[in-house]
Amino acid sequence: MDQRERLQVTGALRAGRARADAPSASSRLQGKLVHTCERQTGRLAPWTRIRPDSSAMALHIRDFREADRAALIALWEACALTRPWNDPDADVDRAVTSRDATILVGTVDDVVFASVMAGHDGHRGWIYYLAVSPDRKARGHGREMMAEAELWLKARGAPKVQLMVRQGNETAAAFYTALGYERQDVTVLGKWLTPSPEAE
């Protein structure tokens, strides 16, 4: 083999190694959120995550679909998040028809195991209905859902996010504190504009 042939072989080997080492388009997308702007509605297209772990037990986070409704409300009830004076169906309807709110669900094999509702009131983001199925607890799913909700709000320009924890629910308060949330120096006041269901 003469000098020119040796150079050609060496160059081909180097090119092959470079192609093998270069990240593929799919690997560059792994772990990133995929969304595009839809001009007709002003909403972002369905929210989903491409994950490097494609195992059957990995949590897949995406936008709520109408077919999820019954399972979603059953999840909220299992997590004791519903209240007699709040119709969960109406809450779902308001979120999915608003340009400033969404419901994200966490699924395994397309079965809903987790959820979070996020909304932007023009000044700050709000979190509601964070839920993880009791048989999927202690796997980090709550953190995953919160991270997705925060990214959704940040993508819409929310500079801050807030949520409310019921008095005495120190377990939930500790969870949010671990995520960087701080108690705010405010007092929440409320007034019923219709007859109070709590008085019935």
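What does the C-alpha gyration tensor say about the overall shape of the stretch 115-200? Classify as rounded when a/c is under 1.5, otherwise prolate if a/b is larger than b/c, or oblate. Oblate is the answer for the stretch 115-200, as a/c is 1.5 or above yet b/c matches or exceeds a/b. Its Cα gyration tensor gives the stretch 46-200 an equivalent ellipsoid; the semi-axes, largest first and in whole Å, are 25, 19, 17.
In the stretch 85-131, the ratio of gyration radius to Kirkwood radius, Rg to Rh, stands at 1.00 when only Cα atoms are counted. Charged neighbours of residue 94, selected by a Cβ distance under 12 Å, balance to -4 (K, R count +1; D, E count -1). For residue 179 and residue 155, a Förster radius of 22 Å and the Cβ-Cβ distance give a FRET efficiency of 0.75, rounded to the nearest 0.05. Where does the charge balance sit around residue 114 when Lys and Arg score +1, Asp and Glu -1, over other residues with C-beta under 9 Å from its C-beta? Net of charged neighbours comes to 0.
Here, each number is a calculation from the coordinates, and none is a lab measurement. Just so it is clear, the structure is predicted and the values come from calculations on it, not from any experiment. Counting neighbours? That spans all protein chains shown, and the Cβs are built from the backbone with ideal geometry, glycine included.
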